[in-house]
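Structure record follows, encoded as structure tokens.
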Amino acid sequence: MKKEHHFLPLVSVVIPTRYRPEMVCRSVLSALRQTHPNLEVIVVVDGPDPLTIAALGALDDPRLRTVPLPENVGGSDARNCGVRTSKGEWIAFLDDDDEWLPQKLEKQLALALEMSTPIAFVACRFLDRDRFGERVLPPMACDPTMPFSEFLLCRPGLTGGSGYVQTSTWLVSRRLAQQCPFTPGLKRNQDLDWMLRAMAVPGACFALVSEALSIFNSSSDPRRVSKISDWEFHYNWALTNRRYFTPKALTYFLSIVCVEDAVKQGRRLSASRQLIVAIVLNGKPSVKSWLFFLYYMFIPEQPRQRLRLALAALKRGHDTL
């Protein structure tokens, strides 16, 4: 374990990890190479993992601290542990298979200081890399007049993507991180659950840096939590927490996230009946949202991705004219 350092960092970077020594070292190095140097990097090793401990021990930087946990507690509790042991005025989260561009923290801190609020949440755009290619998300700027849940979940078009901001893009004021910890034991939707609850905290403000400053390696590991299908978990979680959604945002979550997982699990028919009833009773369906429902219900993932790439190439060609 690294020796305790004695300076007071402005930013604490929290990285939960388990069984991915090469990936987490890449993530750690991207944090240590930030142009804003006044930081500490806290890697929470989620359960016994000697290979990861050894790999981190080989990184020679006094700003790095390793916190090994005696047993596996899951991503939410591991992040909460990192926050509790942190010292910075700002908390930045980084997943162990993602990485940052060098100016991420510098540019986020500059925007955070303009907000003049102790309850701040600053995200940035990110590069979404998968086996189909790369794109910048979210595709649109944050509209302060739009309900936050609608910004996160309501898509402008079939291939456009929502305003969803991924965990590795977050910079959170210490006060907000302490007031709104991650929900312990939550196995899915950890990031969405946190964002919706955080923005319900009185006085909380959100801002988005327009540049893509983080890299989301969405195809790096098939075991990634976001790749494990469980439509009923999504469904039950959303209805339990529907007070954080507008009816329109809830409709999109059920029509896209739940439908996509149900299809992957081979539950298309049985799930569709339950989801339609929930949308009608709890949501605010529209012609557009029903089109999304049908699109994710009947168009497989690969044709959807090919359509997205074709339209993106068409747009790039149009922009160069």
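The dipole here belongs to the chain: it is taken about the Cα centre, uses +1 on the Cβ of Lys and Arg and -1 on the Cβ of Asp and Glu, and is about 820 debye.
Total lysine pairs in the chain at Cα distances under 14 Å, for residues eight or more apart or on different chains: 4. Its DSSP H runs of at least 4 residues, each contributing -39,500 (n - 2.57), put the calculated 222 nm mean residue ellipticity of the chain at -12000 deg cm²/dmol, to the nearest 500. Amide hydrogen proximity for V44: with H placed 1.01 Å from N in the peptide plane, the residues at 5 or more positions away or on another chain lying under 5 Å are I15, T17, V67.
Could you give the angle, 0 to 90 degrees to the nearest 10, between helix 231-240's Cα long axis and the longest principal axis of the Cα atoms of the chain? On a 0 to 90 degree scale, this one is about 80. Filter the chymotrypsin sites (Phe, Trp or Tyr not before Pro) in region 94-180 to those in DSSP coil with at most 10 other Cβ atoms within 10 Å of their Cβ, and list the result. Of the chymotrypsin sites (Phe, Trp or Tyr not before Pro), not one in the loops of region 94-180 has a Cβ with at most 10 other Cβ atoms within 10 Å. Relative to the dominant Cα principal axis of the chain, helix 21-32 is inclined by about 70°. Using Cα-only point scatterers and the Debye equation, what is log10 of I(q)/I(0) for region 229-319 at each q in 0.22 Å⁻¹, rounded to two decimals? At q = 0.22 Å⁻¹ the computed log10 ratios are -1.02. Placing dummy labels 7 Å off each Cα toward the beta-carbon, the span from S210 to I53 is 4.8 nm. When each of Y296, Y252 is scored by the number of other beta-carbon atoms lying within 10 Å, the sequence from fewest to most is Y296, Y252.
Between 0 and 90 degrees, the angle of helix 301-319 with respect to the longest Cα principal axis of the chain falls at about 80 degrees. Here is the list for region 23-98: GluC sites (Glu not before Pro) lying in DSSP coil, each with at most 14 other C-beta atoms within 10 angstrom of its C-beta, are E71.
Among R267, R33, sorting on how many other beta-carbon atoms sit within 10 Å of each Cβ, with the fewest leading, yields R33, R267.
Farthest towards the positive end of the charge dipole of region 1-99, among the residues L8, L39, L51, is the Cα of L8, using unit charges on the Cβ of Lys, Arg, Asp and Glu.
A Förster radius of 22 Å combined with the Cβ-Cβ distance from L291 to T240 puts the calculated FRET efficiency at roughly 0.25. Taking the DSSP beta bridges with both ends in the chain, the antiparallel portion is around 30 percent. The ranking of D98, D130, D60 by Cβ neighbour count inside 10 Å, starting from the fewest, reads D60, D130, D98.
The numbers here are math on the coordinates, done by the rules we state, and not lab data. Computed from a prediction, not measured in an experiment: that's the story for all the values here. Because the Cβ atoms are built from the backbone with ideal geometry, glycine has one as well, and the counts that use them run over all protein chains shown.
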